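The values are calculated or read from the model by the stated rules, or taken from the named source; none is laboratory data. For clarity, every value in this text was computed on a predicted model and none was experimentally measured. Positions of Cβ are backbone-derived with ideal geometry, glycine not excepted, and every protein chain shown enters the neighbour counts.
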Amino acid sequence: MLRRVRCTGARARDAAGQRRERPLTVHHLNQLLLVCSLVLLVAVAAVRISSRSGLPSLLVYLGIGIAMGQDGVGDIHFDNAELTQVIGYAALVVILAEGGLGTKWKEIKPALPAASTLALAGVAVSVGVTATAAHYMVGLEWRQALIIGAVVSSTDAAAVFSVLRKVPLPARVTGMLEAESGFNDAPVVILVISFSTAGPFDHWYVLLGEIALELAIGAAIGIAVGWLGSWGLRHVALPASGLYPIAVMAIAVTSYAAGAMAHGSGFLAVYLASMVLGNAKLPHWPATRGFADGLGWIAQIGMFVLLGLLVTPHELGDDIWPALIIGLVLTMVARPLSIVLCLTPFRVPWQEQTLMSWAGLRGAVPIILATIPMVQGVDASRRIFNIVFVLVVVYTLVQGPTLPWLARKLRLGGDPEAASDLGIESAPLERLRGHLLSVEIPEGSKMHGVEVNELRLPAGAAVTLVVRDAKSFVPLPTTVLRHGDELLVVATNPVRDAAERRLRAVGHGGKLAGWLGTGGTGTSR
């Protein structure tokens, strides 16, 4: 029988009732490292199960936390909502940074107006409809109803794309989903904090002004920090490639902290700063993406396991029906209504509106935000947390596995014949005033069958080495490139960007890229 462990965040008390610190010994550290490493290994193995079943991995991680909790085999009693909120905020910063680094500007740029409208006006519609249902259909007080309405109005990019990774969608749909999930966290956080701490809601226009100001400050700081950081990394050669991923994540976290301390939206700041960094063509980019992706997984695992520990399953019984009712209104009324009102003016087809309505998965953010009223001491805050927890779990189980099916039924799958993008890694050669580009030719790339001289690289750039079937050789101008080849291209500083644009253009359009309207440049540019 495992010994019951109680973790409430309070320090131990001595015989006189005074709080005293419990020293962390090496023995305790060993136990902590063992438990954390085993949890990580189980979580990593569980991703395989979730990917095959189509369920978002968040449910698996929540299940691990519940199994470790007081109603599970671990018998760990954890009820520190404040610690959960702090760790959750830190995890969200990392998750938003990872999401921003992977967001392609060319995909979200056309969808930016629609996604911004949905992230602002859509949230307002969703909060109003959901809060009204929670008040009149479930019987919650208006403050509690508004908190729940705000909490569940934020979508989760990780949950959406974990079930859509095998379904290629049109660029506009992908862009709207990514931008909405990145932008709507900021206004929702502001609303939840305001509803949890403010007095009577008479001056709603003051709240709107505060939201607008915080978003503006966060956006300005995020773009500024991202631009300055990308400029610095492109002009300062670091002595080791492993320092670039660390620097990128440090810049992203700096944007969050600066935005929050300036009374702006730190979440919007970190997302925009990361997006600027992710589209800046930084050195050693594949290594940076891999590092950020790993940190994102660790953040998700730790956050959801902790949330699973915080919930008490035997207390959820009375909140199941309220959660189902609120979730039904949110899924079938509030979300579709916000989609129709916000996207119809942009002439988004009904098929895309239908998928966007069903793709509003709730994940990490709502459960984390549900801890805010608990920390602030709002009446019935524990019930709010339980309702949100049940709602997220149940409707993720319903919506997650059906999203790929719905995308196929609506004929929104992308073109399977579309050319794959090249994987290009750039390493600066500071003393030689140049760059070494490592280019991988994936399956589906139209660079297959192209001769080296047909690449038409700008003067100052040349293919110096080809690696094929684990063997390397110096190519001739007539060497034909193949799928799976890795090219080493040396380019001087002035033509580095033009060389990469040309390589990507050939990868998408073949050797006639530029003449056939597929972009890219040859030696004339």
Worksheet item: Do we have any residue at all in region 86-100 that's among the hydrophobic types (A, V, I, L, M, F, W, C), surrounded by fewer than 23 Cβ atoms within 10 Å (Cβ to Cβ), farther than 17 Å from A273 by Cβ and over 23 Å from the mean Cα position of the chain (by Cα)?
Response: no
Worksheet item: Can you name every residue in region 276-316 that is surrounded by fewer than 18 Cβ atoms within 10 Å (Cβ to Cβ), part of a helix (DSSP H, G or I) and in contact with a strand residue (DSSP E or B) (Cβ under 9 Å, 6 or more places away or on another chain)?
Response: P286, A287, P313
Worksheet entry | Selection count where residues are within 21 Å of H314 (Cα to Cα) and assigned to a loop (DSSP other than H, G, I, E, B), scope region 57-108 | 8
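Residues in region 252-263: is at least one in contact (Cβ under 8 Å) with a residue 40 or more places away in the chain, outside any helix (DSSP H, G or I), more than 18 Å from the chain's Cα centre (by Cα) and not assigned by TED's automatic domain parsing to the domain that holds D71?
Of all residues in region 252-263, those in contact (Cβ under 8 Å) with a residue 40 or more places away in the chain come to 252-253, 256, 259, 262-263.
Going one step further and asking which of them are outside any helix (DSSP H, G or I), we end up with 262-263.
Within this subset, residues satisfying the condition of being more than 18 Å from the chain's Cα centre (by Cα) are 262-263.
Then keep just the ones that are not assigned by TED's automatic domain parsing to the domain that holds D71; that gives 262-263.
Scanning region 252-263, I find at least one residue that is in contact (Cβ under 8 Å) with a residue 40 or more places away in the chain, outside any helix (DSSP H, G or I), more than 18 Å from the chain's Cα centre (by Cα) and not assigned by TED's automatic domain parsing to the domain that holds D71, so the answer is yes.
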Worksheet item: (1) touching a helix residue (DSSP H, G or I) at 6+ places or on another chain (Cβ under 6 Å); (2) closer than 26 Å to E98 by Cα: which one isn't true of Q353, the others all being true?
Response: (2)
Discussion item. Could you list, ordered by first residue, the pairs with Cβ atoms under 7 Å in which the first is in region 437-464 and not assigned by TED's automatic domain parsing to the domain that holds L282 and the second is of a type in the set (D, E) and assigned to a helix (DSSP H, G or I), at least 6 apart or interchain?
Written reply: L437/E500
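Tell me the residue from R347, R362, R408 that is more than 28 Å from G88 (Cβ to Cβ) and at pLDDT below 85, please. Break it down into steps so the answer makes sense when it comes.
Details: R347 fails: at pLDDT below 85; R362 fails: more than 28 Å from G88 (Cβ to Cβ).
Being more than 28 Å from G88 (Cβ to Cβ) and at pLDDT below 85 holds for just one of R347, R362, R408, which is R408.
Residues that are of a type in the set (S, T, N, Q) and either under 22 Å from the mean Cα position of the chain (by Cα) or surrounded by fewer than 23 Cβ atoms within 10 Å (Cβ to Cβ) (or both): which helices (runs of 4 or more DSSP H) entirely in region 352-418 hold 1 or more of them?
On the way: elements: 364-369, 372-376, 381-409.
By residue number, 372-376, 381-409.
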Worksheet item: Has region 335-351 got any residue that is outside any helix (DSSP H, G or I), without any contact (Cβ under 8 Å) to a residue 24 or more places away in the chain and over 30 Å from L233 (Cα atoms)?
Response: yes
